[in-house]
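Beneath this line is the structure, given in structure tokens, with notes to follow.
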Amino acid sequence: MTTPAAAGIRHGVDRQARLASLLEATSPATRAREAQAATLPVLAPLAGLLPHGGLAKGTITEATDMSLLLALAAGPATAGPHAWTAAVGLPDLGLAAAAGYGIDLRRLVVADHPGEHAAEVITALAAACPVVLAATPTGVPPRALDRLVAHLRRTGTVLLTPGPWPGAHLRLEVTASRWSGLGDGFGQLTGRRAEVRATGRGGAHRPRAAELWLPAGDGTVTTAAPGTVVGGEKPDVVVAFG
């Protein structure tokens, strides 16, 4: 027979256990672990542009600049020794630039011209690759695109696209850029300082911005310190985007 005193003690213990469990579930460390499990890592200079510092699994991100697209893909590609990346319908993708950002070309699957089968090719590759770079398939019924998006959610695959892609969760764009390296009609482009802006839906509704070397003089992506130029050279080619 349970006495009122024993029942009170048990209730107190249960209450403390529930409180401890709630505190653990809502602690910053737990939220950080959950966010890490739900995202793919990106290169450090790009982390501040993304909610939770990474690419949310199973989502679609537009990156309207090809260098930016490759830089985003480089984080997951370099996170482990066995990660594969796929590129579908992007015949102008720069493989040398991809290698410069750290993507191992031996683990890059390329389907330059999938034609009318683009959606099927993306679906097949998403089962094996955590990141797929792809142009928006043309002539595909909306229902087929919906099935593809649902498949990405199931597999946790991140789709990176130059866009536009209906329903994309995040959009990153270069709003202005400046190249360095050319002299008075001679020389070689050595790096590009770019202003990057990120906008999106849900947790990404607040715009974020960063200034990056995209690429830097060594072909990588780095944060641009205020007033710096590549190799101390004067920036000489300016490109602005409306």
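The values are calculated or read from the model by the stated rules, or taken from the named source; none is laboratory data. Treat the numbers as computed from the prediction; the structure is a model and nothing was measured. Positions of Cβ are generated from backbone atoms using ideal geometry, with glycine treated the same way; all protein chains shown enter the neighbour counts. Note: accessible area is taken over every heavy atom of the protein model, side chains too, but ligands, DNA and RNA are not part of it. Shrake-Rupley method; radii C 1.70, N 1.55, O 1.52, S 1.80 Å.
Quick one: order GLU211, GLU120 from most to least accessible surface, probe 1.4 Å.
On the way: GLU211 75, GLU120 105 Å².
I get GLU120, GLU211, largest accessible area first.
Taking amide H positions as placed 1.01 Å from N in the peptide plane, with prolines and chain starts having none, which residues 5 or more places from ALA87, or on another chain, fall under 5 Å of its amide H?
Under 5 Å from the amide H of ALA87: VAL109, VAL110, ALA111, LEU133.
Going by average Cβ density within 10 Å per residue, which order do the peptides 136-146, 66-76, 108-118, 156-166 take, highest to lowest? Provide the component values of the computation, followed by the final result.
Values: 136-146: 12.8, 66-76: 25.2, 108-118: 14.7, 156-166: 20.3.
Packing proxy ranking, top to bottom: 66-76, 156-166, 108-118, 136-146.
Could you give the spread of the C-alpha atoms of the stretch 52-170 along their three principal axes, from largest to smallest, in whole angstroms?
If we take the Cα atoms of the stretch 52-170, the spans are 37, 31, 24 Å.
So if R0 is 35 Å, what FRET efficiency would ALA96 and ARG153 give, r being the distance between their Cβ atoms, rounded to the nearest 0.05?
Given R0 = 35 Å and the Cβ-Cβ separation, E is 0.60.
Residue by residue, what Karplus-based ³J(HN,Hα) values in Hz, rounded to whole numbers, does the stretch 130-145 have, using 6.51, -1.76 and 1.60 with θ = phi - 60° and x for Gly and Pro?
x, 9, 10, 9, 8, 6, 5, x, 9, x, 9, x, x, 5, 5, 5
May I ask for the net charge around LEU214, where only other residues with Cβ less than 14 Å from the Cβ of LEU214 are counted and Lys, Arg are +1 while Asp, Glu are -1? Intermediate values should be presented prior to the final figure.
Values: positive: ARG178, ARG192, ARG193, ARG197; negative: ASP65, GLU173, GLU195, GLU211, ASP218.
The answer is -1.
Between THR64 and ARG106, what is 0.36 nm times their sequence separation minus the Cα-Cα distance? Round to one decimal in nm.
Working: separation 42, 0.36 × 42 = 15.12 nm, distance 2.53 nm.
Result for the pair: 12.6 nm of gain on full extension.
Per residue of the stretch 99-112, what does 6.51 cos²θ - 1.76 cosθ + 1.60 with θ = phi - 60° give for ³J(HN,Hα)? Whole Hz please, x for Gly and Pro, Karplus curve as stated.
With the stated coefficients, the stretch 99-112 comes to 5, x, 7, x, 6, 6, 5, 6, 10, 10, 8, 10, 10, 5 Hz.
Could the peptides 55-65, 38-48 be put in order, highest first, of the mean number of other beta-carbon atoms found within 10 Å of their residues? All intermediate terms of the calculation are to be shown ahead of the outcome.
Numbers: 55-65: 22.0, 38-48: 19.0.
Top of the packing list down: 55-65, 38-48.
Order of 167-176, 124-133 by packing, highest average Cβ count within 10 Å first?
Peptide ranking by packing, descending: 124-133, 167-176.
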